[in-house]
1. Looking for something closer than 18 Å to Glu245 by Cα and without any contact (Cβ under 8 Å) to a residue 60 or more places away in the chain - is there at least one such residue anywhere in the range 87-96?
2. Could you check how many residues of the range 66-82 are touching a residue at least 24 places away in the same chain (Cβ under 8 Å), of a type in the set (Ser, Thr, Tyr) and in contact with an Asp or Glu (Cβ under 9 Å, 6 or more places away or on another chain)?
3. Here is a list: Arg2, Arg11, Arg30, Arg60. Which entry is under 24 Å from Gln240 (Cβ atoms) and among the basic types (Lys, Arg)?
4. Against the condition open to solvent by 10 Å² or more (accessible area, probe 1.4 Å) and at pLDDT 90 or above, how does Leu48 come out, does it pass?
5. Restricting attention to the range 33-45, and to residues there that are out of contact with any helix residue (DSSP H, G or I) (no Cβ under 6 Å at 6 or more places or on another chain) and surrounded by 20 or more Cβ atoms within 10 Å (Cβ to Cβ), which single residue is nearest to Arg2 (Cα to Cα)?
6. Taking only the range 53-74 into account, find how many residues are in a helix (DSSP H, G or I) and open to solvent by 10 Å² or more (accessible area, probe 1.4 Å).
7. With respect to the numbered conditions (1) under 29 Å from Gln260 (Cβ atoms); (2) among the basic types (Lys, Arg); (3) within 20 Å of the chain's Cα centre (by Cα), which one is the sole condition not fulfilled by Lys61?
8. Can you pull out every residue in the range 1-31 that is touching a residue at least 12 places away in the same chain (Cβ under 8 Å) and in a loop (DSSP other than H, G, I, E, B)?
Amino acid sequence: MRVANTIVQGRTCGQVWVQALEELLSEPDRKLLHLTVQISEPGTEDPLLRDQVDALLAQRKLDPVSTVVNTLFPAALAAASDGPEHLADRYRSMYPQIRRENRANRKGTYFGRLVDHPADGPRVDQLNRMITRLRDYGHKPNSAATVYEGSLSVAVPEPRAGEHHDQPLPEIVETTDGATAGLSAPIYSPRTDSMPLGFPCLSHISFQRTGDLLHAIAHYRSQYLVQRGYGNYLALGLLQRYIAESAGFRAGILTVITGQAEAEGRKSDVQATLAALTQLPLFGRGPLPPAPPAPQTVRQSLGGHRAGPGQLPLLPDQS
């Protein structure tokens, strides 16, 4: 197994997913360390490619893309909620049932860790804490671009009432845990997570601002690219767009780094699927695609996000 020496780049989650699989299939063991992908239009997808991905997953009796997406970002619930606080409240009310429905969810779900992180002390709503900080500080000219990075391991306690109004961030912020407290989204918790290959495979998400763009970087300890890669890339993009637009930004580049990536299962199945996918207009080998529609807000996009089996996040979180 070798360390990847290139960055896979593309416009949509489907483009980078296909290219990442091609990279993996070129390896004797179909594995790579430190796989890095970058998506320039996070949260967007090609319907024809999505259909092919779901067909491959169904052939292998695996969860559809919609189920994978919902483990990280419940798109339909977000579209039907009146903003991030309402979304978090609704999800927390469902969370006990979600964790009871399947044994694999007993430690929680990825989105659950965002709105109800098991920190030492009171549970933390990281989603709304980040959005509030971005609204309050992110639009100021002297706001540090890297201020939205923080600890990889432990969430911080909720601020005291009025803290975000009375305790402004300094103009120059050092990249230390103290200076960046409350502005990161750790998923991993050292207090509850101990299995090397268990939940959560996604360990951390952080955000960086340039102008009116909000970029994101996500770190996976490991990832099965066939089973989860497409859905993970799509969900991260939808989450990034949701946070960005809720705070008055536009979504920028999404970067995903995976410690160990694997193209699991029968190689011939994946090769056959990739052969069909690369003939789609998205890859420039078919007829020219129609003109793109006008840009949508994240709420419009989520409202059109396809529901499917497991639309509510009741199935296991697996990377």
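1. Initially, the range 87-96 is screened for residues closer than 18 Å to Glu245 by Cα, giving 87-88.
Next, only the ones that are without any contact (Cβ under 8 Å) to a residue 60 or more places away in the chain stay: 87-88.
Yes, the conditions are met somewhere in the range 87-96.
2. Let us first name the residues in the range 66-82 that are touching a residue at least 24 places away in the same chain (Cβ under 8 Å), namely 66-79.
Next, only the ones that are of a type in the set (Ser, Thr, Tyr) stay: 66-67, 71.
Of the ones still in play, those that are also in contact with an Asp or Glu (Cβ under 9 Å, 6 or more places away or on another chain) are 66, 71.
So the answer is 2.
3. On the way: Arg2 fails: under 24 Å from Gln240 (Cβ atoms); Arg30 fails: under 24 Å from Gln240 (Cβ atoms); Arg60 fails: under 24 Å from Gln240 (Cβ atoms).
Checking each option against the conditions leaves just Arg11.
4. Working: open to solvent by 10 Å² or more (accessible area, probe 1.4 Å): yes; at pLDDT 90 or above: no.
No, not satisfied.
5. Just the residues of the range 33-45 that are out of contact with any helix residue (DSSP H, G or I) (no Cβ under 6 Å at 6 or more places or on another chain), to begin with: 33-36, 38, 40-41, 44.
Subset that is surrounded by 20 or more Cβ atoms within 10 Å (Cβ to Cβ): 35, 44.
Values: Leu35: 10, Thr44: 30 Å.
Going through the qualifying residues, I end up with Leu35.
6. Within the range 53-74, residues that are in a helix (DSSP H, G or I) and open to solvent by 10 Å² or more (accessible area, probe 1.4 Å) number 4.
7. (3) is the only condition that Lys61 fails.
8. Met1, Ala4, Thr6, Arg11, Thr12, Glu27, Asp29, Arg30
The values are calculated or read from the model by the stated rules, or taken from the named source; none is laboratory data. Everything quoted here is computed from the prediction, not taken from an experiment. As a convention, Cβ positions derive from the backbone with ideal geometry for all residues, glycine included, and neighbour counts pool all protein chains shown. The area values use the complete protein model at the heavy-atom level, side chains included, leaving out ligands, DNA and RNA. Shrake-Rupley method; radii C 1.70, N 1.55, O 1.52, S 1.80 Å.
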